[in-house]
1. Determine, yes or no, whether ARG93 is open to solvent by 20 Å² or more (accessible area, probe 1.4 Å), in contact (Cβ under 8 Å) with a residue 12 or more places away in the chain and in contact with a His (Cβ under 7 Å, 6 or more places away or on another chain).
2. Given the condition at pLDDT 80 or above and either open to solvent by 20 Å² or more (accessible area, probe 1.4 Å) or not in a strand (DSSP E or B) (or both), answer yes or no: does some residue in segment 193-203 qualify?
3. Restricting attention to segment 146-175, report how many residues are open to solvent by 30 Å² or more (accessible area, probe 1.4 Å), under 16 Å from the mean Cα position of the chain (by Cα) and β-branched (Val, Ile, Thr).
4. Is it true that TYR60 is at pLDDT 85 or above, among the aromatic types (Phe, Trp, Tyr), over 22 Å from PHE167 (Cβ atoms) and crowded, with 16+ Cβ neighbours inside 10 Å?
5. I need the full set of residues from segment 128-145 which are touching a residue at least 40 places away in the same chain (Cβ under 8 Å), open to solvent by 50 Å² or more (accessible area, probe 1.4 Å) and more than 16 Å from LEU86 (Cβ to Cβ), in order please.
6. Given (1) more than 26 Å from SER127 (Cβ to Cβ); (2) open to solvent by less than 40 Å² (accessible area, probe 1.4 Å); (3) modelled with pLDDT of 85 or more, identify the lone condition not met by TRP29.
7. Name the single residue that is modelled with the highest pLDDT among those in segment 63-90 being of a type in the set (S, T, N, Q) and not in a loop (DSSP other than H, G, I, E, B).
8. Could you look through segment 63-78, keep only residues that are without any contact (Cβ under 8 Å) to a residue 60 or more places away in the chain and within 16 Å of the chain's Cα centre (by Cα), and pick out the one that is least open to solvent (accessible area, probe 1.4 Å)?
Amino acid sequence: MAPASRLLALWAVAAVALPGSGAEGDGGWRPGGPGAVAEEERCTVERRADLTYAEFVQQYAFVRPVILQGLTDNSRFRALCSRERLLASFGDRVVRLSTANTYSYHKVDLPFQEYVEQLLHPQDPTSLGNDTLYFFGDNNFTEWASLFRHYSPPPFGLLGTAPAYSFGIAGAGSGVPFHWHGPGYSEVIYGRKVLYFPDRWWHATLNLDTSVFISTFLG
């Protein structure tokens, strides 16, 4: 996937490009630095702009992933997710790290600043998922509410579901092996992320750079 500002659906929905995101810099997260993973030249996930809700439901929601472009403007949220601003606002907050294996069994609690300054580094490509800890999923929504209220989720929902956010920051080379779950979206705020999910919702994730991302699960 090319720019960081795309949403890729975790099941049947997908990506939204952020207007003008390329001009906002890397937010201090240094994408493309040492340890960055080379991306494939060709992405086979379809890209759509000006997609209607009816088209989304009929062609993608229950069938295949798609990258959606131009649906939301999260430039304000992106600015608030810079390294400097997140450390200033949440540096002393305790975050929970999870192992990157399918079931995320192992958990470690530590201050957010300690994670960013000491543990957020490129991962050894030979390391196993259960040897890799990073910040994703286990968010204290009360403590992070001042950030999340500035996020605009993708407008396409599914009947009978409600959105739930999962925010994370991970080093280059980290990710989650093949797994599946319910429908949703994943938006990369800084960095690049590749999500693979064949039919029946199976997919894996790989963070090509240091990545700041948020997923919206529809459950």
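1. Numbers: open to solvent by 20 Å² or more (accessible area, probe 1.4 Å): yes; in contact (Cβ under 8 Å) with a residue 12 or more places away in the chain: yes; in contact with a His (Cβ under 7 Å, 6 or more places away or on another chain): no.
Taking the combined requirement at face value, the residue does not satisfy it.
2. No, segment 193-203 contains no residue that is at pLDDT 80 or above and either open to solvent by 20 Å² or more (accessible area, probe 1.4 Å) or not in a strand (DSSP E or B) (or both).
3. Result for segment 146-175: 0.
4. In short, yes.
5. The one that is touching a residue at least 40 places away in the same chain (Cβ under 8 Å), open to solvent by 50 Å² or more (accessible area, probe 1.4 Å) and more than 16 Å from LEU86 (Cβ to Cβ): ASP138.
6. (1)
7. We begin by selecting, within segment 63-90, every residue of a type in the set (S, T, N, Q); these are 69, 72, 74-75, 82, 89.
With not in a loop (DSSP other than H, G, I, E, B) added as a condition, the list becomes 69, 75, 89.
On the way: GLN69: 82, SER75: 93, SER89: 96.
Only one residue fits best here, namely SER89.
8. Of all residues in segment 63-78, those without any contact (Cβ under 8 Å) to a residue 60 or more places away in the chain come to 63, 66, 70, 75.
Checking the rest, the ones that are also within 16 Å of the chain's Cα centre (by Cα) come to 66, 75.
Numbers: VAL66: 0, SER75: 37 Å².
Across segment 63-78, the extreme among qualifying residues is VAL66.
The values are calculated or read from the model by the stated rules, or taken from the named source; none is laboratory data. Remember, predicted model here, so these are calculated numbers, not experimental data. Cβ atoms come from the backbone with ideal geometry, glycine included; neighbour counts cover every protein chain shown. Only protein heavy atoms, including side chains, enter the accessible area calculation; ligands, DNA and RNA are left aside. Shrake-Rupley method; radii C 1.70, N 1.55, O 1.52, S 1.80 Å.
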